[in-house]
Amino acid sequence: MPKSKGRKKAVVHQIPRAKEAEVESPKWYVYTMTGLMVVGVLAVLAYYIFELNPWALRLGLVGIAVGFIMTVNWH
């Protein structure tokens, strides 16, 4: 009995993807992020130690929050 040739499989051409370059954050970004968090913690501590104006607490918490938000974009 003759053998069936069968169906040919479709040829799939895959285009190789170019490697995306790792983009590093600039040094100032890291220093700003760290500085905001450190100054924020110091402001919160100063508020409780020296009984400062409540704005010191608010600014400290905002500094900490912005520093942590900046960590999301850090590479």
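Just so you know, all these numbers are worked out from the coordinates, no wet-lab data involved. Note that the coordinates shown come from a computational prediction; the quantities given were computed from them, not determined experimentally. Ideal geometry is used to build each Cβ from the backbone, glycine not excepted, and the neighbour counts take in all protein chains shown.
Just how large is the dipole of the chain about the Cα centre, in debye to the nearest 20, putting +1 at every Lys and Arg Cβ and -1 at every Asp and Glu Cβ?
It works out to roughly 1320 debye.
Using only helices, what value at 222 nm comes out for the chain when you add -39,500 (n - 2.57) per DSSP H run of length 4 or more and divide by the total residues, to the nearest 500 deg cm²/dmol?
-19000 deg cm²/dmol
Evaluate the stretch 27-73: find the radius of gyration of its Cα atoms, find its Kirkwood radius, and give the ratio Rg to Rh.
Reported Rg/Rh (Cα atoms, Kirkwood Rh): 1.05.
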